[in-house]
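The values are calculated or read from the model by the stated rules, or taken from the named source; none is laboratory data. Because the structure is a prediction, the values reported are computed rather than measured. Cβ sites come from the backbone with ideal geometry, for glycine too, and all protein chains shown count toward neighbours. Side chains are part of the model used for accessible areas, which takes the heavy atoms of the whole protein and leaves out ligands, DNA and RNA. Shrake-Rupley method; radii C 1.70, N 1.55, O 1.52, S 1.80 Å.
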Amino acid sequence: APNYDETTTEPTVLPAPFPNLLVNGSSGIAVGMATNVPPHNLGEVIEGVIWSIEHPEASAAEKFLNLMRIVPGPDFPTGGIIVGRQGIAQAYKTGRGTITIRAKTEIETSKKGDRVAIVVNEIPYQVNKARLIEKIADLVRAKTIEGISDLRDESDRDGMRIVIELRRGELPDIVLNNLYKHTPLQSSFGIILLAIVGGRPRVLSLAEAIDEFVAFRREVVQRRTEFDLRKAEARAHILEGLKIALDHLDAVIALIRASKSPAEAREGLMAQFGLSQIQAQAILDMQLQRLTGLERQKIQDELVEVLQTIERLRAILASDALLMEIVVSELRAIRDRFADERRTEIIDANGEFRIEDLIAEEDMAITVTNTGYIKRTAITAYRNQRRGGKGRIGMRFKEEDFVAQLFIASTHDYIMIFSDRGRAYWLKVHEIPDVGPDGRGRALPNLVSMLPDEKIAALLAVREWEADKFVFMGTRKGVVKKTALTAFSNPRAGGIIAMGVA
């Protein structure tokens with residue numbers, strides 16, 4: 001498209017290899033329309049894009065639930081804590097929503113134990129540290145916030161550290177809540193997922209934004225492949241002309257020597273050997289060193305290689321599946337190279353719904369194999385059969401593998417996994433992959449952080465952590481142990497030691 005004064009042209013689309021708008025975010029206003037896209041974690045966004053590509057037939061509800069699981073929320077470079085998921089869900093579903101961001105703090109006690117300080121390690125996105133400290137100092141002087149005796153900025157190259165020292169006897173939780181209320185230690189971020197689509201501004205849901213990016217990458221890869229194909233075909237055309245010249249070398253040399261001008265030689269080559277003007281010119285431009293045996297073999301080898309490239313490029317253009325495989329492989333390469341850990345933590349707000357509230361409750365058949373593959377299948381996928389029925393395949397696995405455990409659990413249940421080393425892990429049923437009745441499932445170490453060579457000993461479905469129930473464990477040597485179920489109510493990513501095993 002022409003630029004502002006039509007002196008040059010500019011590209012209508014830029015071939016961004018990853019969803020730059022979602023990853024880096026954007027903020028701006030023009031002609032009365034504002035956009036405010038928060039930054040996201042690169043690895044999570046790419047995983048969401050890959051899931052959308054691999055599940056093109058998924059319904060809108062399935063897309064929303066799975067993308068909420070894969071991309072749980074924005075990930076700000078300054079870290080901090082997002083309080084509540086309702087605003088995130090609304091923004092991802094409608095394109096507009098408001099989230100609450102809170103600073104990450106910790107309570108420190110002096111060595112003597114008589115002083116307590118609130119230490120701020122991370123502040124909300126787009127909050128200026130100097131202005132934040134100035135705001136707190138002004139509120140202390142105005143006695144809007146009481147109980148603070150000192151305020152220091154101890155930030156250095158190792159990270160941020162704002163120390164808010166409290167007076168003796170002050171409760172840090174009360175002071176911290178006042179800081180959240182009156183200062184930018186807790187602030188809101190209004191999400192507006194507005195982008196230019198087809199030359200027009202549009203507010204997009206998360207799924208729509210990802211779908212637009214997928215369509216864009218498909219077009220980029222297709223046009224790039226078409227360009228490479230044209231380039232390869234042009235090179236093959238020249239190489240075929242050079243090969244004809246090498247096959248009739250003596251006649252070509254005699255014709256060129258007998259010609260009075262390059263134009264006459266070119267016309268003679270075209271007439272005698274049926275060459276195009278481009279091929280004839282390439283023969284005239286060929287250096288004498290290309291006539292050696294080694295150089296002649298190089299031309300033949302290059303022609304074979306170019307023809308294979310042409311065949312591969314034509315196959316890509318003829319198959320949408322191959323085209324999308326390239327898109328996915330390029331996304332995975334970027335993820336493997338640049339993805340990092342999430343910086344912003346997301347916590348539930350008081351009285352706020354959890355991710356389970358977005359998922360319909362239904363019974364699932366949980367299948368676990370001897371080698372540790374697990375999957376879930378909706379009970380409704382199995383229908384009643386009468387006498388003489390052939391049944392249906394419930395799971396496919398390798399010859400040396402077999403189904404070790406099969407039980408029923410709700411999508412809102414927890415699955416407690418006990419290993420042969422006495423460790424316990426947690427997994428929500430809705431996080432177990434649903435790969436269909438005949439799917440193999442996924443290896444448990446990919447879902448929970450099990451130790452190397454650790455094996456499953458038992459699994460237990462739990463709905464609520466009831467105080468009057470217990471978990472009874474026993475070893476092969478006859479050692480037994482009873483533990484209250486409530487002792488397992490605080491899940492940890494790395495599991496906990498449920499029983500010491502010698």
(message) Can you give me the Rg/Rh ratio for segment 81-146, using Cα atoms for both radii and the Kirkwood formula for Rh?
(response) 1.12
(message) Between segment 1-80 and segment 195-266, how far is it from one alpha carbon centroid to the other, in angstrom?
(response) 31 Å
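On the protein heavy atoms, probe 1.4 angstrom, tell me the percent of accessible surface of the chain carried by carbon and sulfur. The partial results should precede the final answer.
Working: 14580 of 29440 Å².
The value for the chain is 50 percent carbon and sulfur by accessible area.
Could you state the accessible area per residue of the chain in Å², with a 1.4 Å probe and every protein chain left in place? Mind dumping the intermediate values first?
On the way: 29440 Å² over 502 residues.
With the other protein chains kept in place, the chain gives 59 Å² per residue.
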(request) Check the straight Cα-Cα distances from LYS135 and name the lysines below 16 Å, setting aside those fewer than 8 residues away within the same chain. (result) LYS143, LYS181
(message) Over the chain, what is the relative contact order in percent, taking alpha-carbon pairs closer than 8 angstrom and at least six residues apart?
(response) 13 percent
(request) For segment 109-178, just list the percent of Cα-Cα distances falling in each 10 Å bin from zero outward, please. (result) 18, 53, 27, 2
(request) Calculate the all-directions average of the projected area of segment 163-273's alpha-carbon convex hull, and give it in nm². (result) 18.0 nm²
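Past the 25 angstrom mark, what percentage of all C-alpha to C-alpha distances in segment 196-331 do you count? Don't skip to the end; give the middle numbers.
Working: 4501 of 9180 pairs.
For segment 196-331, the share of Cα pairs beyond 25 Å comes to 49 percent.
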(request) May I ask you to order 64-70, 324-330, 36-42, 299-305 by the average number of other C-beta atoms within 10 Å around their residues, highest value first? (result) 36-42, 64-70, 324-330, 299-305
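Using only alpha-carbon positions, what ratio does the radius of gyration of the chain give when scaled by 2.2 N^0.38 Å?
1.41
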(request) Just list whichever of LYS63/LYS455; LYS93/LYS129; LYS111/LYS469; LYS231/LYS298 have alpha carbons separated by over 30 Å in the model shown. (result) LYS63/LYS455; LYS93/LYS129; LYS111/LYS469
(request) Select from ALA265, GLY199, GLN222 the residue farthest towards the positive end of the dipole of segment 197-270; place +1 on Cβ of Lys and Arg, -1 on Cβ of Asp and Glu, and compute about the Cα centre. (result) GLY199
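Report, in deg cm²/dmol and to the nearest 500, the calculated mean residue ellipticity at 222 nm for the chain, where each DSSP H run with n ≥ 4 adds -39500 (n - 2.57) and the sum is divided by the residue count.
On the way: 12 runs with 180 residues, N = 502.
So the calculated ellipticity at 222 nm is -11500 deg cm²/dmol.
Could you state the orientation-averaged shadow area of the convex hull built on the Cα atoms of segment 31-110, in nm² to one decimal? Show your work: numbers first, answer last.
Numbers: hull surface 31.7 nm².
It is 7.9 nm².
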(request) Under 16 Å Cα to Cα from LYS482, which aspartates and glutamates show up? Leave out anything in the same chain fewer than 8 places away. (result) GLU466, ASP468
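Once you have a ≥ b ≥ c as the square roots of the Cα gyration tensor eigenvalues for segment 448-493, tell me rounded if a/c is under 1.5, and otherwise prolate or oblate according to whether a/b is larger than b/c.
Working: a/c = 2.33, a/b = 1.16, b/c = 2.01.
Judged from the Cα gyration tensor, segment 448-493 comes out oblate (a/c at least 1.5, b/c at or above a/b).
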(message) Taking the Kirkwood radius as the inverse of the mean 1/r across Cα pairs, report the Rg/Rh of segment 276-323.
(response) 1.19
(message) For segment 1-77, what are Rg and Dmax over the alpha carbons, in angstrom?
(response) 16.4, 48
(request) Enumerate the amide H contacts of GLY97 below 5 Å, restricted to partners 5 or more residues apart or on another chain; note that Pro and chain-start residues carry no placed amide H. (result) ILE191
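Contact order normalised by length for segment 114-273, with contacts defined as Cα pairs under 8 Å and 6 or more residues apart; what percent is it?
Details: 117 pairs, mean separation 27.7, N = 160.
About 17 percent, as a whole number.
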(request) Calculate, axis by axis, the spread of Cα positions in segment 52-196 along the three principal axes, and write the results as whole Å, longest axis first. (result) 63, 30, 29
(message) Angle check, please: helix 249-258 long axis (alpha carbons) against the longest principal axis of the chain (alpha carbons), in degrees 0 to 90, nearest 10.
(response) 60 degrees
